[in-house]
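Single-structure report; data block below.
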């Protein structure tokens with residue numbers, strides 16, 4: 001089965017700033033991968049390149065074998081690092097909105113998850129608490145039958161119980177033909193759901209390994225290794 005995401009010598013510059021520098025990596029189907037690095041390491045840039053929101057300065061990125069474009073937008077489900085949904089829409093209207101845009105959106109699945117959270121389907125998105133907005137946005141993203149889920153800081157700024165719900169939702173709502181890429185600073189919170197990790201530093205990949213291999217080789221958790229490698 002082809003890789004869900006592959007980068008070959010991928011670079012991206014913004015003027016004099018080298019955001020990504022010769023990134024080469026691949027993500028196989030059926031994996032939950034943590035994209036880890038300090039602020040400014042290039043995590044969001046890589047995710048935006050994979051989603052087709054940016055174009056590479058050099059090198060190549062492919063999604064399920066194809067260059068980012070109309071074809072890949074049909075198989076990539078993207079959660080940005082900040083809320084971006086229309087605040088005047090209700091939860092019900094947001095589900096209709098996603099159903100209109102994405103053929104693979106499972107409205108019944110989204111409605112079921114929202115009902116289990118006892119969300120008022122008529123409440124406007126802008127009237128919801130921060131944690132509730134993040135839950136709604138994640139439910140919409142994970143209710144697509146995508147091949148690649150790109151989640152940029154999906155648990156930032158919410159309480160521990162909400163984090164648990166979000167991580168459980170991620171794990172329960174993708175299949176073995178898909179992969180999930182999670183960018184986060186909260187490594188200890190997500191470590192138990194990760195299969196692999198990618199460490200980014202100053203736009204370069206410094207490590208790509210399975211979580212099991214890290215524990216076996218270094219005798220420590222991913223969080224502990226990250227703190228050691230990226231100590232200020």
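The set of residues from segment 44-61 being under 12 Å from the mean Cα position of the chain (by Cα) and either closer than 18 Å to residue 211 by Cβ or assigned to a loop (DSSP other than H, G, I, E, B) (or both) comprises just one member, 51.
Within segment 104-126, one or more residues are surrounded by fewer than 18 Cβ atoms within 10 Å (Cβ to Cβ), in contact with a strand residue (DSSP E or B) (Cβ under 8 Å, 6 or more places away or on another chain) and either closer than 20 Å to residue 51 by Cβ or without any contact (Cβ under 8 Å) to a residue 24 or more places away in the chain (or both). Reported count of residues in segment 129-157, each being at pLDDT below 90, part of a loop (DSSP other than H, G, I, E, B), surrounded by 20 or more Cβ atoms within 10 Å (Cβ to Cβ) and out of contact with any strand residue (DSSP E or B) (no Cβ under 6 Å at 6 or more places or on another chain), is 1.
The set of residues from segment 62-73 being in a loop (DSSP other than H, G, I, E, B) and surrounded by 15 or more Cβ atoms within 10 Å (Cβ to Cβ) comprises 64, 68.
In a residue-by-residue description of segment 160-170, the property of being part of a loop (DSSP other than H, G, I, E, B) and touching a strand residue (DSSP E or B) at 6+ places or on another chain (Cβ under 9 Å) applies to no position. As for segment 99-111, it holds at least one residue that is under 29 Å from residue 187 (Cβ atoms), outside any loop (DSSP other than H, G, I, E, B) and touching a helix residue (DSSP H, G or I) at 6+ places or on another chain (Cβ under 8 Å). Against the list (1) touching a strand residue (DSSP E or B) at 6+ places or on another chain (Cβ under 7 Å); (2) assigned to a helix (DSSP H, G or I); (3) modelled with pLDDT of 90 or more, the condition residue 205 fails is (2).
The values are calculated or read from the model by the stated rules, or taken from the named source; none is laboratory data. In this text, all values refer to a predicted model and were calculated from it rather than measured experimentally. Methodologically, a virtual Cβ is constructed for each residue, glycine included, from the backbone with ideal geometry; neighbour enumeration extends over all protein chains shown.
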